[in-house]
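What follows is a set of notes on a single structure, which appears directly below.
FYI, it's all coordinate maths here, none of it is from the lab. All values reported here derive from a predicted model rather than from experimental measurement. Here the Cβ positions follow ideal geometry from the backbone for every residue, glycine too, while neighbour counts run over all protein chains shown.
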Amino acid sequence: MQITKLLYNLGSNDVKLIRRDSFLIFMFLFAAIIAAVLHYGLPWLNVYLAETGLLPMEGIATSLAELYPMLVAFFALFDGALLVGAVFGFVLLDEKDGNTIKAMLVTPVPLKYYLVYRVAVPFFLGFFVIAGMVLFIDLALLPLWQMLLLIAGASLTASIVALFFATFAGNKVEGFALSKVGGIAGWSILLGWFLPEPWVWLMGLFPPYWISKAYWMAYAGESLWWVVLIIGIILQLVLVIVLIKRFNKTAYR
């Protein structure tokens, strides 16, 4: 009963905090804007570049359509998770400012249930947001079962981002700075598309990259894509555990 009440209270508080912050609402809307721009803009731009001879062109044999997997990976699989994670990261910072976490320490409900909620909600909401983006963009799609597995792997990034905010940011200003760091780190996904092997695997130092790499391998018909996906999931789960332990240390200070 206590756990059910906790989940209800946390969920109600999340909705209240998000509804009163227009910036957080815009972040959700921004995911829809990204999906719309890619869905309508990329095919048009691909035709325009081809007709004008800008891409492909002499010396560059690649068409824009060949870059669709890279763009979907970055803007949907990664940015979709980043946006959801940032929203809940800012919610966590609001709770830190309101001493919600400190108050949790003196309740009968263990802090671990709070942390499970804080990991699970960004993951599941991230899953639906990313799935909506990918399906609406409707470019470079794989069979549904493969896409769902990849989206699940990508959704872990949302939990990581939220925990990263809660652990390393002391206020919203620092949270904004960390969101920029996360966005810059995501450039490794774009860079990884162009790097030759074995240098491309250096991008694996950024755990979310493995999900994008698995997507590209699956799209290219490579049979070992699932191995790369599993590696990406494991690395992200390890990072979640590390961040939870770090969060616990800061909570009990």
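Once backbone amide H atoms are built at 1.01 Å from N, M57 has T62 as its partners under 5 Å, excluding neighbours fewer than 5 places away on the same chain.
Computed from label points 7 Å out along Cα-Cβ, the spacing between V238 and L29 is 4.1 nm. Once C-alpha pairs closer than 8 Å and six or more residues apart are averaged by separation and normalised to the residue number of segment 70-222, the relative contact order reads 38 percent. Label positions at N248 and E66, each projected 7 Å from the Cα along the C-beta direction, are separated by 5.0 nm.
If each residue of separation counts as 0.36 nm, what is the full-extension length gain between K102 and Y48 once their alpha-carbon separation is subtracted?
Net length gain for the segment: 13.8 nm.
Within segment 18-51, find all residues whose amide N lies under 14 Å from a label point positioned 7 Å from the Cα of F136 along Cα-to-beta-carbon. Label zone hits: 26-41. Computed about its Cα centre, the charge dipole of the chain is approximately 1400 debye, with only Lys, Arg, Asp and Glu carrying charge at their Cβ. For K213, a cut-off of 14 angstrom between C-alpha atoms picks up these aspartates and glutamates, skipping any fewer than 8 places away in its own chain: E197, E222. Pairs K112/K249; K5/K245; K96/K172; K96/K249; K96/K245: which exceed 20 Å Cα-Cα? From the list (K112/K249; K5/K245; K96/K172; K96/K249; K96/K245), the Cα-Cα distance tops 20 Å for K5/K245. Straight-line reach from K16: which aspartates and glutamates fall under 13 Å, measuring Cα to Cα and dropping same-chain residues less than 8 apart? The reachable aspartates and glutamates, counting only those whose Cα sits under 13 Å from K16, are D94, E95. Spacing of the modelled spin labels on V200 and S12, each 7 Å from Cα toward Cβ, amounts to 5.1 nm.
Coupling constants for segment 235-241 follow from the phi torsions by the Karplus curve (6.51 cos²θ - 1.76 cosθ + 1.60, θ = phi - 60°), and in residue order they are 4, 6, 5, 4, 5, 4, 4 Hz; glycine and proline get x. Note on segment 1-252: dipole from Cβ charges, positive end direction compared against I137, F30, A65; the farthest Cα belongs to F30.
Taking 0.36 nm per residue of separation and subtracting the current Cα-Cα distance, fully stretching the chain between V37 and D21 would add 3.3 nm.
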